[in-house]
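Trainee: Just passing along the structure, written as structure tokens.
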Amino acid sequence: MNTEQINIRDAVDGAPGYWAGPGLTEIEIVELRRLIEQRFLARIATIAPDDVDHFAAAGLAQYHLESYRIDHSSVWPRHERLMGQDGIDFINQSSLMYRLAAEFGSAQITNEIEGEPPEVVWRLVRPGQTDDVGPLHADRWFWDINKWPTPDGQRCIKVWLLVNGDTGLAGLRVAPGTHRQQDWNYTVEYRHGLDKPVFDEAVVDVEPFLLETPPGSAVVFSYDLLHGGAVTMGDQCRVSLEFTLFVPQC
Ligand SMILES: O=C(O)CCC(=O)C(=O)O
Ligand SMILES: [Fe+2]
């Protein structure tokens with residue numbers, strides 16, 4: 001489904017449940033890559049100071065060739081993949097945020113816990129690593145399970161951005177239209193400090209597909225849409241960014 005022709009709000013609230021298209025300009029994406037790499041190398045410097053040069057030379061795209069030097073899953077829990085204030089300011093001033101605020105009325109980056117400062121999370125998905133992606137889910141499930149509140153008159157939508165990766169070989173899978181059906185069965189499991197939904201996509205009649213997202217692409221989607229990461233194919237890491245927005249209720 002080509003959603004690029006429709007405006008973002010109509011696609012998210014309409015039949016597809018998502019919009020995919022150009023999100024950031026080339027100049028913006030270069031700057032975003034730099035901001036993420038800075039965070040990435042700062043973390044490496046604290047846990048493997050002698051290896052920083054190897055990781056710096058490989059860069060984010062070739063991180064998988066050096067990741068044997070560290071314990072990937074313990075080094076990169078969610079709280080170690082947060083953008084700093086400079087990254088949040090950058091997103092807030094981006095062309096995409098202006099467009100979203102104009103289309104939805106207002107758009108405010110939030111945290112997954114009300115009252116906390118805004119959060120923007122980046123993600124590294126290495127080629128061929130099935131453990132680097134999670135199962136299909138709707139983001140609303142996390143809020144339902146954890147009883148996170150939404151301010152009166154507001155609702156959540158999600159923004160996902162591709163920073164690096166091979167188009168058609170890496171990125172996000174979506175199941176169009178699934179935001180209209182909200183009675184999915186999932187179980188809850190405590191993992192990485194959080195109650196998380198566990199869903200078996202093999203037992204339901206949905207056909208998620210990988211979106212074609214060149215770097216700089218944005219996917220904006222309903223909090224009820226079933227989606228998930230795709231295992232990275234090709235020979236470079238997928239780097240993406242995601243954040244939740246509070247926007248006015250329809
Ligand atoms: O990028 C991924 O692998 C999953 C992203 C996701 O679930 C989200 O952005 O809500
Ligand atoms: Fe998600």
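Trainee: Suppose each label sits 7 Å from its Cα in the direction of the beta carbon; what would the Ile145-Asp10 distance come out to in nanometres?
Mentor: About 3.6 nm separates the two model spin labels.
Trainee: A further question on this structure: I need the per residue convex hull volume for the range 174-250, using only the alpha carbons, in cubic angstrom as a whole number.
Mentor: Convex hull volume per residue, Cα atoms: 160 Å³.
Trainee: Sort out for me the Cα centre separation of the range 17-77 from the range 166-191, rounded to whole Å.
Mentor: The range 17-77 and the range 166-191 have Cα centres spaced 25 Å from each other.
Trainee: Over all alpha-carbon pairs in the chain, figure out the percentage whose distance exceeds 34 Å.
Mentor: Tail fraction, whole percent: 12.
Trainee: On to the next question. Can you give the helix-only mean residue ellipticity at 222 nm for the chain, where every DSSP H stretch with n ≥ 4 adds -39500 (n - 2.57) and the sum goes over all residues, rounded to the nearest 500 deg cm²/dmol?
Mentor: Calculated at 222 nm, the ellipticity per residue is -7500 deg cm²/dmol.
Trainee: When the distances between all Cα atoms of the range 16-123 are binned every 10 Å from zero, what whole-number percent does each bin get?
Mentor: All Cα pairs considered, the percentages come to 12, 38, 31, 16, 3.
Trainee: With a sphere of radius 13 Å drawn around the Cβ of Ile44, what net charge do the other residues whose Cβ falls strictly inside it have (Lys, Arg +1; Asp, Glu -1)?
Mentor: Details: positive: Arg39, Arg43, Arg69, Arg81; negative: Glu37, Asp50, Asp51, Asp53, Glu66, Asp71, Glu80.
With Lys, Arg at +1 and Asp, Glu at -1, the neighbours total -3.
Trainee: Let me ask another. Restricted to Cα positions, what overall size does the range 170-218 have along the principal axes? Three whole-Å values, descending.
Mentor: Computed over the range 170-218, the largest-to-smallest principal extents equal 34, 28, 19 Å.
Trainee: Please list, in order, the residues from the range 125-144 whose amide nitrogen is less than 13 Å from a point placed 7 Å along the Cα→Cβ vector of Val198.
Mentor: Residues passing the 13 Å test: 135.
Trainee: What nm value, rounded to one decimal, do you get for the distance between Gln181 and Glu26 when each label is placed 7 Å out toward the C-beta?
Mentor: Going from the Gln181 label point to the Glu26 one covers 4.2 nm.
Trainee: When every alpha-carbon pair in the range 65-134 is counted, what percent end up more than 18 Å apart?
Mentor: Summing the P(r) of the range 65-134 above 18 Å gives 54 percent of all pairs.
Trainee: Just the Kirkwood number for the range 93-218, please: inverse of mean 1/r across all distinct Cα pairs, in Å, one decimal.
Mentor: With all distinct Cα pairs of the range 93-218 included, I get 16.9 Å.
Trainee: Additional query: Using Cα pairs under 8 angstrom and six or more residues apart, how large is the relative contact order of the chain, in percent?
Mentor: Normalised by residue count, the contact order of the chain is 31 percent.
Each value in this text was obtained by applying a stated rule to the coordinates, not by laboratory testing. Note that the structure is a prediction, hence the values are computed from the model and not measured. Neighbour counts run over all protein chains shown; Cβ positions are idealised from the backbone, glycine included.
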